[in-house]
1. Roughly how crowded by other chains is peptide A:171-184, in terms of the mean Cβ count from those chains within 10 Å of each of its Cβ atoms?
2. Taking the simple approach of a point 7 Å from Cα along Cα-to-Cβ for both B:Leu77 and B:Trp110, what is their distance in nm?
3. Please compute the average number of Cβ atoms from other chains found within 10 Å of each residue's Cβ in peptide B:330-337.
4. Might you report the magnitude of the Cβ-based charge dipole of the protein assembly as shown about its Cα centre, with Lys and Arg at +1 and Asp and Glu at -1, to the nearest 20 debye?
5. At 1.4 Å probe size, put B:Asp52, B:Asp212 in order of accessible surface, largest to smallest.
6. When the Cα centres of region B:252-289 and region B:129-173 are compared, how far apart do they sit, in Å?
7. What nm distance separates the two modelled labels at A:Glu185 and B:Ile296, each placed 7 Å from Cα along Cα→Cβ?
8. Within region B:169-213, whose backbone N sits under 11 Å from a point 7 Å along Cα→Cβ of B:Lys119?
Amino acid sequence: MIKMSGIRKAYNTGRIKVEALKGVDLEIGAGEFVSIVGPSGSGKSTLMNIAGCLDVPSDGGYELDGESVEKLNMSQLADIRNKKIGFVFQAFNLLPYATAFENVELPLIFGKVATKKRQDRVVELLGRVGLQDRLGHKPAELSGGEMQRVAIARALANNPKLLLADEPTGNLDSQSGKAIIDLFEELWKSGTTILMITHDFNVAKRTNRVVYLRDGLVVTKAADIAQGIKSWKHDRQFDTA
Amino acid sequence: MLSNARMIIRLFLRELKSQKLRMSLTIIAIIWGTLSITLLLAFGEGLKNQLDINRKGLGDGILIIWGGQTEKPYKGLPRGRQIRFRPDIIDYIREQIPEIEAAGGEFINWGRPISYNGKIVSEKVNGVLPEYEFMRSLYPDSGGRFINKLDLQNKRRVAFIGNELRDDLFGPPDSAGYVDPIGKTILINDIQFTVIGVMQKKLQMGMYSGPDWSTAFIPITTFQTMYTRRYLSNLVIKPRDINQTEYVKDRLYSILSTKYKFDPEDKRALSIWDVVEDAQVMRKVMIGMQVFFGIIGGLTLLVAGVGVANIMYVAVRERTAEIGVKMAMGAKRAHVMTQFMLEAILIAGIGGGTGLFLSFAIAGTLAAIPMESEAMQWLGKPTISIPIAIVTISVLSTIGLAAGYFPARRAASVNPVESLRYE
Ligand SMILES: Nc1ncnc2c1ncn2[C@@H]1O[C@H](COP(=O)(O)OP(=O)(O)O)[C@@H](O)[C@H]1O
Ligand SMILES: [Mg+2]
């Protein structure tokens, strides 16, 4: 599903050049449920943005679902984000003035789905995340867990092959967080490939593979991983300030 | 994107709440701009129409010619000679210049006693030709007629009277004791005349020998039997085609200079009042005024447009996260832009619609005021013509589109990664 080789990403902020990714090689097969862990600033979000075609690498090759995305233009990348990828964010990022229904409808509008079909689909999606009786609610009228479920319904709108989540439980209490991961697990079992950034050991534990990122590189040396996991288990959180 | 209309309106309402002051000032500015552009143009249009009406009161597209005094010696003749026209010159001009639709001349006698049934006034008597009816806009009220060829041939004692002269002698039509003047006998210099028509009320701005509304018009031939006059006081000529006016003027100089033996270059020998040229100059002044008014109104709208753009820039800045999310969901440039464009157009539309509505209301109210007062007769009625509405609406939409376009372009260039960074 994801095939990255030698991915680099540099940010130029004024005179200082920050290299967020320094040559990442990563392959994720279809149907995997992978968590990305690593200290803050290690490049996890950058990697996810590139995986989601929201950003382009400074160097390296990226194949998504068998298609090389390097040469695609803005409009084609937007199509890929719309059709093949679903994003879930830590801060939910729902439109505050729109109802749950309208929020979920949005990617379907961008995808030019016909009105009737679109409306049926929204109802189906919100039902699937257990919010069939919250269609007309605005985000401010929903709990954090409910907002994240709306966001997941929105991410699933166009039936994407790949679900990307950047700390989806970061703003939730442990119970709602667990419910969200339960939902992810369900989606994974029904065939969706999931790539999720997390700090939470209990969350990472439930995925079928953990990728450990440090200083813009995937850590592969067994000793380093062991060391990281040791400190992680101790703190319960991967990196506490 | 139509299904987005609900959201756009909701966004607009949210913007209205969060930027109350800025939003209301901007909408007021657009209303004001629309009002000023529309009303200024409408007043200009009313003034223009009114000037047209007033001008046509004297006669549409005519030349009025007086004989003058020669200033240059010519072929042995001295300077300072008086040039005067005898009545037979009219036929001569008609023969010589076929480009003329009608030619006429008149005798004038001021301050003549005119009476009916013991009521006596002292007014102007004009001896004229039948052509004066259309040349000088002397149209009869219903039931009456103007002087015709038979009146002329038979030197009939018939009179066509101005409407104010009628009021003086017979009373205004709606007053007590009013008698219909048609067929009645009046005395002009103690000679009996039958009234054949009363002039329709008209506005007359230009005049060369007093207003037509208090004149008694009689056949020129009858005039000659009453008063001993050899020379016409002036000629009136109407070219067939307004574009041939200059040519007709040249021809007049050439044939009259030959006939009366003066230097064709001697501009003092004839004086010609070109009503057409006057009207064209006036028209240009009016168009200039309208353009000026339009620019002032347009500038007001432009300032208002900057206000709209400002609101939209603030909105873009406040909604970068939202823009980033939409991009992550697969929104394309057009999707992001339309939202801001539509919102700007909505603001411009609400302000512009209100402004247009108020303009029509004001113009309508003013138009309903009767034109009796002196001021209104000169100012005319503000008229929102179709071109004015088109100008206003296109200026409005251009400004609305521009006010939305530039902020929308900035919105479309938001970097989603930046806007979504969460620390
Ligand atoms: N848009 C950006 N401009 C400049 N520097 C950035 C930008 N995004 C990320 N960075 C830098 O790149 C590094 C990796 O960031 P990020 O991928 O967000 O890390 P993580 O998600 O693992 O915390 C950090 O040093 C961060 O400051
Ligand atoms: Mg991050």
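1. Details: counts 1, 0, 0, 0, 0, 0, 0, 0, 0, 0, 0, 0, 0, 0.
That works out to 0 on average.
2. Placing both labels 7 Å beyond Cα along the Cβ direction yields 2.8 nm.
3. On the way: counts 20, 7, 9, 3, 2, 4, 1, 0.
Mean partner shielding for this stretch: 6.
4. On the way: 82 positive and 68 negative charges, 105 e Å.
Result for the protein assembly as shown is approximately 500 debye, rounded to the nearest 20.
5. Numbers: B:Asp52 35, B:Asp212 0 Å².
The ordering from most to least exposed comes out as B:Asp52, B:Asp212.
6. 29
7. About 7.7 nm separates the two model spin labels.
8. It comes to B:169-181, nothing else.
The values are calculated or read from the model by the stated rules, or taken from the named source; none is laboratory data. Quantities reported herein were computed from a predicted structural model and do not represent experimental measurements. Counting neighbours? That spans all protein chains shown, and the Cβs are built from the backbone with ideal geometry, glycine included. Keep in mind that these areas ignore ligands, DNA and RNA; they rest on the heavy atoms of the full protein, side chains included. Shrake-Rupley method; radii C 1.70, N 1.55, O 1.52, S 1.80 Å.
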